[in-house]
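Below: the structure, in structure tokens.
The values are calculated or read from the model by the stated rules, or taken from the named source; none is laboratory data. Quick caveat, the model's predicted, so the values are computed rather than measured. Cβ placement follows ideal geometry from the backbone for every residue including glycine, while neighbour counts extend to all protein chains displayed.
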Amino acid sequence: MINIPSSEITPEHGYLSRRAFLKTLAIVSAGAVLAACSVKPRATAAPGGTPPHAGAATDELGDALTPYESITHYNNFYEFSTDKEQVAPLSANFKASPWKVEVGGLVKNPRTYDIDDLRKNFTQEERIYRHRCVEAWSMVMPWVGFPLAKLLAEVEPTSEAKFVRFETLYDPGQFPGQNDGYYPWPYAEGLRLDEAMNDLALLVTGLYGKDLPPQDGAPLRLAVPWKYGFKSIKSVVKIDLVDVMPVSLWMAAGPNEYGFYANVNPAVDHPRWSQATERRIGELSRRKSLMFNGYAEQVAHLYDGMDLRLNY
Amino acid sequence: MTSKFTKFQIATHIGSLIPLALLIWDYFNDHLTANPIQAVTFRTGKTALVLLVLALACTPLNTLFGFREALKVRRALGLYAFFYVCLHFLTFIWLDYGLDLGLIFDAVAKKRYALVGFTAFLLLLPLAITSTKGWQKRLGKNWKVLHRLVYVAAPLVVVHYVWLVKADIRQPLVFGAAVLLLLLARVPLFKGAVGSWRSRWLERWRREKAEQGA
């Protein structure tokens, strides 16, 4: 892997196209109030240790990586806070080590892994994934991790296993948000077994060449880039193979609005808002959302013959 | 220096402008999150709702609690609320959707929260326009009737808020309860009940004070 200095992979002006820049100028000149809304380039901070770095400057579509600073300071992680900006400070002292991940259920070889073993025993690779939140914003993440399929192969699901259920750590001492009785903690998510075996489904241990920061789901999270962000569960402690469709936290909190599949689909709106467009963090104008978030080639066949309007 | 403004009025103007000052301050200090357009949309919207609730509180504060000063800031609060509504609306159509009419129509038609918010904006617009003394005179009795549109607009704004949150509607419901209470406070029956409770309470308080003095 070639190491490119962080100054080159997070261009501060590069991703603002000329048109967007002219637009910015127009807005700034329109007065201080409206100027308050234009996008300012953010500095990429390197909080100790090696600076964040990635093997490429863009994803396969040519879209620039989202700066490390944005990925680590704009987080939906309700276990810490519902305020996206509060997650980073509140998670600063999170203990992501020691950490055990229990893999069991309908498998031939149930095992409890230490996070260090997961990092050592499975070859870690960098994958640049688009991350599309159900709230209609998106980022481009240089994740580091390994395919979920490799872990599943090791524990060997039995023939009864149809789904994979994931669970986040339950520890209200570390996760103040879990004291809020509104949501059915701990966070849970699920995939159909064939979705979980798809090569895109990644277990993530790092970001920008560094260990995964707590606010992004340390020490182990899922990344399923063709689905809305909430499917990519964070701080996983339990992976179970099961025979019935798991009920995720969001399915339980809003069954009419958040389904099991939650595939990115610009043609199927959230019951209350449009999913046709999204704002890429760092950009001014909205962009059209892509079917399966641009991963149709890899995953569309999983849903052949399914009504995606019903299976939202 | 003699001023025709009372301290309460000055405090109202300053208080109403603080959210705008904070917004500008946060912009220049890069505190508007990685998604500044959304942050501005949320903050201007929240401020507009708070000011609208405060404007609605003025009349009951006078009729129920005899706080006459409140009437002097009612118009200012209403106009400041509308000012933030305009910023909120402009942020949505201009900064967020780049004045792309196709996209805006698509969003407004599909997003019922946007439709409800837009309706509230249309209802508040004539109230802002006719808020001057001149219009008050010109419209006479009709002015009061027209301005009752705010009793429709305020609940719509709350619905707009309830519909846009992801799942947890507790905070919008707090605003909803406040609006409901302030509308109830205008119902004669309720007004009468509070009025008699207040005079009884005042009477007892005076009696106790007199007894203490004796």
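Quick one: which of A:Val164, A:Val140 is in contact with a Phe, Trp or Tyr (Cβ under 8 Å, 6 or more places away or on another chain), β-branched (Val, Ile, Thr) and within 30 Å of A:Ser274 (Cα to Cα)?
Of the residues listed, the single one that is in contact with a Phe, Trp or Tyr (Cβ under 8 Å, 6 or more places away or on another chain), β-branched (Val, Ile, Thr) and within 30 Å of A:Ser274 (Cα to Cα) is A:Val140.
What residue, of A:Tyr129, A:Tyr182, is of a type in the set (Phe, Trp, Tyr) and surrounded by fewer than 15 Cβ atoms within 10 Å (Cβ to Cβ)?
After ruling out the rest, the residue left standing is A:Tyr182.
Test B:Ile37 against the criterion of being within 14 Å of another protein chain (Cβ to nearest Cβ) and touching a residue at least 40 places away in the same chain (Cβ under 8 Å), and give yes or no.
yes
Tell me, which residue of region B:3-27 that is at the interface with chain A (Cβ under 8 Å from one of its Cβ atoms) and not charged (D, E, K, R) is surrounded by the fewest Cβ atoms within 10 Å (Cβ to Cβ)?
Checked region B:3-27; the qualifying residue surrounded by the fewest Cβ atoms within 10 Å (Cβ to Cβ) is B:Ile24.
I need the full set of residues from region A:277-312 which are modelled with pLDDT under 95, touching a Pro at 6+ places or on another chain (Cβ under 9 Å) and surrounded by fewer than 18 Cβ atoms within 10 Å (Cβ to Cβ), in order please.
Of everything in region A:277-312, just one residue is modelled with pLDDT under 95, touching a Pro at 6+ places or on another chain (Cβ under 9 Å) and surrounded by fewer than 18 Cβ atoms within 10 Å (Cβ to Cβ), namely A:Lys288.
Mind listing whichever residues of region A:202-221 are assigned to a loop (DSSP other than H, G, I, E, B) and either of a type in the set (S, T, N, Q) or over 16 Å from A:Ser235 (Cα atoms) (or both)?
A:Tyr208, A:Gly209
Give me the pairs: first residue in region B:64-87 and farther than 24 Å from B:Thr41 by Cβ, second residue at pLDDT below 95 and among the basic types (Lys, Arg), beta-carbon distance under 8 Å, and six or more apart or on different chains, which are they?
B:Leu64/B:Lys191; B:Leu64/B:Arg198; B:Phe65/B:Arg198
Please work out if B:Leu181 is surrounded by 14 or more Cβ atoms within 10 Å (Cβ to Cβ), in contact with a helix residue (DSSP H, G or I) (Cβ under 6 Å, 6 or more places away or on another chain) and either modelled with pLDDT of 95 or more or assigned to a helix (DSSP H, G or I) (or both).
Here the answer is no, as B:Leu181 does not meet what is asked.
Restricting region B:75-113 to residues that are farther than 23 Å from A:Leu284 by Cβ and basic (Lys, Arg), which is nearest to the other protein chains (Cβ to nearest Cβ)?
So the residue we want is B:Arg112.
Against the definition (β-branched (Val, Ile, Thr), within 14 Å of chain A (Cβ to nearest Cβ) and in contact (Cβ under 8 Å) with a residue 12 or more places away in the chain), how does B:Val53 come out, yes or no?
Considered against the rule, which asks whether it is β-branched (Val, Ile, Thr), within 14 Å of chain A (Cβ to nearest Cβ) and in contact (Cβ under 8 Å) with a residue 12 or more places away in the chain, B:Val53 comes out as no.
Across region B:160-177, which residue is modelled with the lowest pLDDT among those that are buried (at least 18 other Cβ atoms within 10 Å of the Cβ) and either touching a strand residue (DSSP E or B) at 6+ places or on another chain (Cβ under 7 Å) or part of a helix (DSSP H, G or I) (or both)?
Applying the filter and picking the extreme gives B:Leu164.
Enumerate the pairs (first residue in region B:155-171 and over 19 Å from A:Glu135 (Cα atoms); second residue anywhere and surrounded by fewer than 16 Cβ atoms within 10 Å (Cβ to Cβ)) with beta-carbon separation below 9 Å, excluding pairs fewer than 6 apart on the same chain, so at least 6 apart or on different chains.
Correct list of pairs: B:Pro155/B:Leu180; B:Val158/B:Leu173; B:Val158/B:Leu180.
Output yes when any residue across region A:216-228 is over 19 Å from B:Leu103 (Cβ atoms), under 16 Å from the mean Cα position of the chain (by Cα) and within 12 Å of chain B (Cβ to nearest Cβ), and no when none is.
Yes; the residues of region A:216-228 include at least one that is over 19 Å from B:Leu103 (Cβ atoms), under 16 Å from the mean Cα position of the chain (by Cα) and within 12 Å of chain B (Cβ to nearest Cβ).
When only residues in region B:52-62 that are surrounded by 17 or more Cβ atoms within 10 Å (Cβ to Cβ) and not small (Gly, Ala, Ser) count, which is nearest to the chain's Cα centre (by Cα)?
Filtering first and then ranking leaves B:Leu52.
Failed condition for B:Arg186, given (1) within 22 Å of the chain's Cα centre (by Cα); (2) part of a helix (DSSP H, G or I); (3) farther than 30 Å from A:Asn256 by Cβ; (4) in contact (Cβ under 8 Å) with a residue 60 or more places away in the chain, with all others met?
All conditions pass for B:Arg186, except number (2).
Restricting the search to region A:74-90, which residues are closer than 20 Å to A:Ala223 by Cα and in contact (Cβ under 8 Å) with a residue 40 or more places away in the chain?
Result: A:Tyr74, A:Asn75, A:Asn76, A:Phe77, A:Tyr78, A:Glu79, A:Phe80, A:Val87, A:Ala88.
Restricting attention to region A:162-170, does a residue exist that is modelled with pLDDT of 95 or more, farther than 30 Å from A:Glu69 by Cα and part of a loop (DSSP other than H, G, I, E, B)?
Checked against the condition, which is being modelled with pLDDT of 95 or more, farther than 30 Å from A:Glu69 by Cα and part of a loop (DSSP other than H, G, I, E, B), region A:162-170 yields at least one hit.
What number of residues in region A:171-192 are part of a strand (DSSP E or B) and out of contact with any Asp or Glu (no Cβ under 6 Å at 6 or more places or on another chain)?
Residues flagged as part of a strand (DSSP E or B) and out of contact with any Asp or Glu (no Cβ under 6 Å at 6 or more places or on another chain) within region A:171-192 amount to 4.
Tell me, please, whether a residue that is within 28 Å of B:Ile14 (Cβ to Cβ), surrounded by 20 or more Cβ atoms within 10 Å (Cβ to Cβ), more than 19 Å from the chain's Cα centre (by Cα) and among the aliphatic types (A, V, I, L, M) can be found in region B:35-51.
yes
Specify which of the listed residues (A:Lys210, A:Lys231) is more than 14 Å from chain B (Cβ to nearest Cβ), within 18 Å of the chain's Cα centre (by Cα), touching a residue at least 12 places away in the same chain (Cβ under 8 Å) and within 18 Å of A:Phe163 (Cα to Cα).
A:Lys231 is the lone residue from the list that is more than 14 Å from chain B (Cβ to nearest Cβ), within 18 Å of the chain's Cα centre (by Cα), touching a residue at least 12 places away in the same chain (Cβ under 8 Å) and within 18 Å of A:Phe163 (Cα to Cα).
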